[in-house]
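I have placed the structure first, in the form of structure tokens, so that the comments after it can refer back to it.
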Ligand code: SF4
């Protein structure tokens, strides 16, 4: 630490909470293809080619419906019956489709081949196809592959798998730097960059940034700060290249954002005075904006079904800053490394469940009659039909919710269904 530096808030503690309820059974989540919806908007120079069925194409058209009016940076190479039955070699067709895309879209410098359930079932080796196509189109175009299939645990793993595919292409560096890992909206990236700059932390890179081609370096002096809790595979791959993970709560709400920035500030020996002068006005404004939603949310009981892996940080925000009661926090996969700073901030007796047996979990929802259930689209309508207020969890991934400026927007996402239901009940 430098001479004027003093300890910053939020020391790390060990989680001493209750055990985790593990369930295995039918799951109700989207597949990893969904991540393309936000990743293709982030990367300006990449194209996502799904190698899948008509079902996969329909999912993407529904999930990113408005984009069909523009020329989107994603598409589907549809596997036909002849491919699926082994009568034709899908690689020939794949090569032809890639050639057409790259001819039409000369601005594309990275082409992702995205695996699906059908491509995995017929054991189509997209990693070999990517090597073959990279040899053909290098140096103008790099072809990478990853899995977006529904065989994975949950839909946010699509982002993790895509970012993980980029790690081998990141050059070595010894530069002292910070990489923020996890997709955030451009507006959020700008705000966070401004905070880091005023704190004297840098250079700062974001993964993903605007380019899938111009990647930051990585090495022993690289510090990682996770913006999303679901990128554990990417974080581990970066750590294997020598980088270090700064463990921190996630930047949701005023408290979470302060703790997240404080963790980086500690690494960069930022003084307490400087940290306070940058963050206190922003945190105060965020708390003020949160107050009107707290009036509505405090004391209300919330149940998280497992969906996005954002559940634990969001539950912490709703409990500590909004005063909500946590009935159950379901998460599709509990990556303890990625939430090690979140777990100690939860009440010690909180119920955390990992995985899903949807029927058993729905029984618990019905028995508990929570004021709000956070769940996937497929469960929301039936629960609404039973008189329960719901929040679509996928909105929490699509909407800018990180940082001080978005704290009230995040709270409003949870408040809106309660307001709507109270109006319907009048
Ligand atoms: S990848 Fe699998 S789960 Fe996803 S749309 Fe295609 S078939 Fe369905």
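Odds and ends about this structure:
- Residue check, residue 391 surrounded by fewer than 17 Cβ atoms within 10 Å (Cβ to Cβ) and in contact with a strand residue (DSSP E or B) (Cβ under 9 Å, 6 or more places away or on another chain): no
- Residue 94 vs. criteria near the ligand (Cβ under 10 Å from one of its atoms) and touching a helix residue (DSSP H, G or I) at 6+ places or on another chain (Cβ under 7 Å): no
- Flag for residue 124 being out of contact with any strand residue (DSSP E or B) (no Cβ under 6 Å at 6 or more places or on another chain), away from the ligand (no atom under 12 Å from the Cβ) and under 23 Å from residue 55 (Cβ atoms): yes
- Residue that is modelled with the highest pLDDT [pool: residues in region 364-406 that are under 18 Å from the mean Cα position of the chain (by Cα) and under 19 Å from residue 299 (Cα atoms)]: 374
- Boolean, residue 201 is more than 21 Å from the chain's Cα centre (by Cα), buried (at least 16 other Cβ atoms within 10 Å of the Cβ) and either on the phi < 0 side of the Ramachandran plot or in a helix (DSSP H, G or I) (or both): yes
- Some residue of region 165-185 being within 16 Å of the ligand (Cβ to nearest atom) and within 29 Å of residue 245 (Cα to Cα): no
Residues are listed down the side, and each one gets a yes or a no for (1) part of a helix (DSSP H, G or I); (2) surrounded by 23 or more Cβ atoms within 10 Å (Cβ to Cβ); (3) outside the structural domain of residue 339 (by TED's automatic domain parsing):
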{"site": "247", "(1), (2), (3)": "no, no, yes"}
{"site": "260", "(1), (2), (3)": "yes, yes, yes"}
{"site": "263", "(1), (2), (3)": "yes, no, yes"}
{"site": "266", "(1), (2), (3)": "yes, no, yes"}
{"site": "269", "(1), (2), (3)": "no, no, yes"}
{"site": "293", "(1), (2), (3)": "yes, yes, no"}
{"site": "303", "(1), (2), (3)": "no, yes, no"}
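- Where a residue in region 353-370 is crowded, with 17+ Cβ neighbours inside 10 Å and its partner, wherever it lies, is in a helix (DSSP H, G or I), with Cβ under 9 Å and at least six apart: 353/361; 353/364; 358/379; 362/379; 362/382; 362/383; 365/379; 365/383
- Residues in region 100-121 that are out of contact with any helix residue (DSSP H, G or I) (no Cβ under 7 Å at 6 or more places or on another chain) and within 16 Å of the ligand (Cβ to nearest atom): 3 in all.
- Every residue from region 42-55 that is within 8 Å of the ligand (Cβ to nearest atom) and over 17 Å from residue 159 (Cβ atoms): 52, 53, 55
- Positions within region 113-170 being assigned to a helix (DSSP H, G or I), more than 28 Å from residue 397 (Cβ to Cβ) and at pLDDT below 95, in sequence order: none
The values are calculated or read from the model by the stated rules, or taken from the named source; none is laboratory data. These figures come from a predicted structure and were not determined experimentally. Using ideal geometry, Cβ is built from the backbone for each residue, glycine included, and neighbour counts are taken over all protein chains shown.
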